[in-house]
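Report on the structure given below.
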Amino acid sequence: MKIKRILFPTDFSEGSAAAAEYVCDIAATHDATVYLMHVIYDVARDAGWYGTHINMSSFYDDMKATARTEMEKFHKAHLAGCRNVEKVLLVGKPYEDIISFVEEAEIDLVVIGSHSKRGLTRLFGSTAHKVVRNVPCSVLTVKTKK
């Protein structure tokens, strides 16, 4: 199996931290590049906030700055042993942007944490579940340790 590009989407949660344990090992074994991705959920698009009454640009600028800081912390805490890491920060719908990135960047493997939640997440489907169902490559889902 040829694995040269690994996508590692993160929401900076325990589930992502658990999945990080696998990412560096797989990347080192295959001399692969890891794409550490975070997608800021675009609430304005889904809520239909298109008017000028809210300055969404400055709202998202603040969120991007915070996300960049969190990505750096997450990288240092969980992926310091990975040699080739590229960071990807997007604003959109997480599962849609993950799927698009997989296709555009010709990703060979997605490693994603799973929260194993019940209730509404189970009813509507989690990001990890939607990714597993829709990407053209293999996906390793990692459950949070209890």
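Readers should treat all values here as calculations from the given coordinates under stated rules, not as data from a laboratory. All values derive from a computational prediction rather than experimental measurement. A quick note on method: Cβ atoms are made from the backbone with ideal geometry, for glycine too, and the neighbour counts reach across all protein chains shown.
Quick notes
- Backbone amide hydrogens, once placed in the peptide plane, bring M37 within less than 5 Å of F8, T10, V88, excluding anything fewer than 5 places away on its chain.
- Under-5 Å amide H pairs with K4, H placed in peptide plane, nonlocal only: D108
- Per-residue Karplus couplings for segment 23-28, computed as 6.51 cos²θ - 1.76 cosθ + 1.60 with θ equal to phi - 60°, are listed in order as 4, 5, 4, 5, 4, 5 Hz, Gly and Pro entered as x.
- Counting every other Cβ atom within 10 Å of each residue's Cβ, S16, S138, S114, S58 order from fewest to most as S58, S138, S114, S16.
- Each Lys or Arg adds one and each Asp or Glu takes one away; over the other residues whose Cβ falls under 14 Å from the Cβ of T69, this sums to +1.
- Simple spin-label estimate for D31 and S58 in nanometres, 7 Å along Cα-Cβ: 5.0
- For I107, the shell of other residues with beta-carbons less than 11 Å away shows a net charge of -2, using +1 for Lys and Arg and -1 for Asp and Glu.
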